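Down below is the structure, laid out as structure tokens.
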Amino acid sequence: MSIKSKKLSRIQSISITLLTVAGLVNYLDRSTLSIANHSVSQDLGLSSAQMGMLLSAFSFAYAFAQLPVGVLLDRFGSRIMLGLGMFVWSVAQFCGGLVTNLNQFILARVALGVGESPNFPAGAKVVSEWFGIRERGRPMGMFITSSTLGPALAPPVLTVLLLTFGWRYMFMITGAFGIAVAIGWYLYYRDRSSVELSESDEAFLNEGSNDIASERKLSINEWRGLFLKRTTWGMIFGNAGIIYMLWLFLTWMPAYLERERNLPLADAGWIVSIPYLVGTLGMLFSGFFADALQARGVSPIRSRKWPICIGLLGGAAFTVPAAYTPNLTLAIFYLSAAMFFVQMACGASWALVSVAAPRHMAASLASIQNFGGYFGGSFAPFVTGVVVDRSGSFVNGFLISAGVAILAAIIYAFVVRDRVDASEVSVSSVHTVAEGLN
């Protein structure tokens, strides 16, 4: 077994640290509107359905931007694409504090979604480049914890900014911070193709991997060929269930605590952090769980797939009592447990990408999965807003999300089976197309 050098260990540490900071900024920025939900709706005179549409504008743009961004990442690398994306989304975030009507705000949120689109596919690519296949679960779990730590830190931080400076300056301050982080990423991160490594480090990174010619660029035929694989479609539709539940919580939980549980904004701002802190444990656990299963002989695909299924079913099981209990303490407990499980599923879904495709396809498969997730998840804010307008309650919105999560678990269990191999995704012949559809 090869041993990695101190140089490689340092590169790995820097990469994961920078990725995690970028992820924290990502979720800090996308959380601002949910924290300022009540203030923005009052200031601009928006109904719950209109707020739902505004909240969904980000995720629809984010979803469709995933398709080209994966190809761009695999062609130009994470340093350029994530640095540029972070700069764009931070400028859009800053402009969110300058809007005067719904249409302007929708445009700012669309730009935010497009700018944020490279973040997590870039993370999958960075992990696949700088970590061997046997050690990818933990770093991916660490990076993805930014999607739980961000929403956990965002409520108290953003609430202080909101109450001190108002919602407009809250947007502008967070946007300026993101611009600084974007510059730092570009200055300090390097793609693997631009770094000279020793033979032993190359051997360590490639050990146990079947990737062939992984340094070559992704072809358009290979990208199209990904859509001919059942595993790809299982990841697309299955991830929609994960993101639907996560996006419901992220966009509506502060308003849920204010309206359904009658909490003042100052209290809701820190209470909403509790489920996300517990969710961070679920995210971290997913990496250890996946690596432990693989160490016991479970295949790379199944070692990632089963934590996803367990997480989705657990998330659904705890969301139902959260919807019905009249007790605030129990509601937070159930929501925290639901968040633990659904974040475990989320972490494992990203770890699945790193073992389901060759390295030169990792970002493309990640972006395709994220497209499916956020296209399906984009309906959560709007559907929930309509439900609240019609019923005056979040109960049915929670029940719908539980049903979607159960369906997603079934899809992962029975559709996601095999690795998407580079030699299998070429569409240069009719024979290959036919095989891909089997």
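Each value in this text was obtained by applying a stated rule to the coordinates, not by laboratory testing. Predicted model, so just to flag it, every value in this text is computed and none were measured. With ideal geometry, Cβ positions are generated from the backbone for all residues, glycine too; neighbour counts draw on all protein chains shown.
Between 369, 343, 104, the Gaussian network model of the chain with springs among Cα atoms under 10 angstrom shows the greatest mean-square fluctuation at 104. Projecting the Cα atoms of 400, 286, 274 onto the dipole axis of the chain, where Lys and Arg carry +1 and Asp and Glu carry -1 at the beta carbon, places 286 farthest toward the positive end.
Summarising the label geometry, the points placed 7 Å from Cα in the beta-carbon direction at residue 195 and residue 17 lie 1.3 nm from one another.
A straight chain from residue 10 to residue 177 at 0.36 nm per residue would run longer than the Cα-Cα distance by 57.6 nm. Under a Gaussian network description of the chain, with springs only between Cα atoms under 10 Å, the residue in 335, 248, 46 that fluctuates furthest is 46. Taking each DSSP H run with n ≥ 4 as -39500 (n - 2.57) and averaging over every residue of the chain yields -27000 deg cm²/dmol at 222 nm.
Stokes-Einstein D for the chain at 20 °C, 1.002 mPa s, Kirkwood Rh over Cα pairs, in µm²/s? In µm²/s, the coefficient rounds to 99. Mean-square fluctuations from a GNM of the chain, with a 10 angstrom spring cutoff on Cα atoms, peak among 102, 54, 226 at 102.
Across the range 308-324, computed HN-Hα scalar couplings (Karplus, 6.51 cos²θ - 1.76 cosθ + 1.60, θ = phi - 60°) run 5, 4, 4, x, 5, 5, x, x, 5, 4, 8, 6, 4, x, 4, 5, 9 Hz from first to last residue, x flagging Gly and Pro. Taking the C-alpha atoms only, the angle from helix 167-188 to the longest principal axis of the chain is near 10 degrees. When the Cα positions of 381, 165, 150 are compared along the charge dipole of the chain, 150 comes out farthest toward the positive end, with charges on each C-beta of Lys, Arg, Asp and Glu.
Ranking 20, 32, 103 by Cα position along the charge dipole of the range 1-116, where only Lys, Arg, Asp and Glu carry charges on their C-beta atoms, puts 20 farthest toward the positive end. The count of lysine pairs in the chain that are at least 8 places apart or cross chains, and whose C-alpha atoms lie under 29 Å apart, stands at 13.
Here the label points at residue 160 and residue 419, each 7 Å from Cα along the C-beta direction, are separated by 4.7 nm in the simple model. Rounded to the nearest 20 debye, the dipole magnitude of the range 6-437 is 200 debye, with +1 charges on Lys and Arg beta carbons, -1 on Asp and Glu beta carbons, and the Cα centre as origin. Here the Debye sum runs over all C-alpha atoms of the range 1-114 as equal scatterers in vacuum, and log10 of I(q)/I(0) at q = 0.10, 0.19 Å⁻¹ comes out as -0.39, -1.01.
Length gained on full extension, residue 206 to residue 103, computed as 0.36 nm times the residue gap minus the Cα-Cα distance: 32.1 nm.
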